[in-house]
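Single-structure report; data block below.
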Amino acid sequence: MLDPNRISPAWGENEDLDASNDIRRLLVSLTGLDESAVPPVLPMTGGQVLDVSARLTYCPKCWYEDAENGRAPYIRYQWSFWSSVLCTKHETWLNARRPGNQLGSELNGWAPVWQTEPTWASAACLRHDPALGPFVAGFEAETILRPTCTWECLDAEFQALLREKALILKLVSKPESCRVRAHVWEAMEVALTPRVTDRDLRGYRSAEPGWIADRISYLSVAIEIRRMIMGSEPAFERVRTVLENDESAKQLVWECWGHMRRSHNQAQRYWRGANILETRQQGDNKSDGLSSTI
Ligand SMILES: [Zn+2]
């Protein structure tokens, strides 16, 4: 429950509540607090908020900062989004706790994670218990490749894919692209991690993958193909190598390129029809107008 006396910009802005207005109304009616004391629920973002059972990610460095600032570790609301797989502030992939552990429900199972580190345990007023480590570790950022582009740039590209409902992400998500995604993941992995699937995320119902490794894989393949088509530098050298050499990957890249060209031609016809293409081209560079279609 929120402390009504604390200053909301300092404390309440990042707190995670489930995306249900009913829960918020219930909290207001049960506690008698003013609505302003209960922060708004997560914004409705067209299905981009993960099911509760898949909200398992965290940035360890954000939690060290919480402790340094004299507060308990807390879950950032932005970690609840499907496309949120990294922390730009600390330039790292997010970690994830293991799903379906027996040490708490999906909603309150964070205490054992905080107990594994003395700093977090102390900040959360819990007993430090390093023996819990092997039971809570699900995914660690250091086990996969870092991008060669900046983390800011990578995050912006990931968010754009979702915002634009990019066709390229749909093609990468097809069951036929499973082999390519698997090969790319092998190239990205620098240390073996326990295999987790969406079946391990108890109660997970969405058609999109929920586990962080799969989300990173989908987004990274899409970004690298898009960069290839646009003639940009690789974001991941090893991923680029797979896409350029693996036969099924080449097929996927070709498919994406074909769709992109058709979309581009349609866009050109539209602009010509509107008799404004020539005006646009005077000030635009060659790639403008393509990026939103792929
Ligand atoms: Zn962080």
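The values are calculated or read from the model by the stated rules, or taken from the named source; none is laboratory data. Owing to the predicted nature of the structure, the values given are computational and were not obtained by experimental measurement. Backbone-built Cβ (ideal geometry, glycine too); neighbour counts: all protein chains shown.
Considering the stretch 69-94 alone, what residues qualify as being part of a loop (DSSP other than H, G, I, E, B) and hydroxyl-bearing (S, T, Y)?
Y74, S83, S84, T88
If you go through the stretch 143-163 one residue at a time, do you hit one that is closer than 22 Å to Y204 by Cα and in a loop (DSSP other than H, G, I, E, B)?
No.
Can you tell which of R195, R163 is within 20 Å of G100 (Cβ to Cβ), free of Cβ contacts under 8 Å to residues at least 60 places away in the same chain and out of contact with any Asp or Glu (no Cβ under 9 Å at 6 or more places or on another chain)?
None of the other options fit; the residue is R195.
Identify, by number, the condition in (1) assigned by TED's automatic domain parsing to the domain that holds T197; (2) out of contact with any Lys or Arg (no Cβ under 6 Å at 6 or more places or on another chain) that W110 doesn't meet.
(1)
Restricting the search to the stretch 149-189, which residues are in contact with a Lys or Arg (Cβ under 9 Å, 6 or more places away or on another chain) and among the β-branched types (V, I, T)?
I168, V172, V184
Hey, G70 hits all of (1) farther than 19 Å from A141 by Cβ; (2) at pLDDT 90 or above; (3) under 25 Å from the mean Cα position of the chain (by Cα) but one; which does it fall short on?
Of everything listed in (1) farther than 19 Å from A141 by Cβ; (2) at pLDDT 90 or above; (3) under 25 Å from the mean Cα position of the chain (by Cα), G70 misses just condition (3).
List the helices (runs of 4 or more DSSP H) that sit entirely inside the stretch 194-294 and contain at least 3 residues that are at pLDDT below 85 and crowded, with 16+ Cβ neighbours inside 10 Å.
247-273
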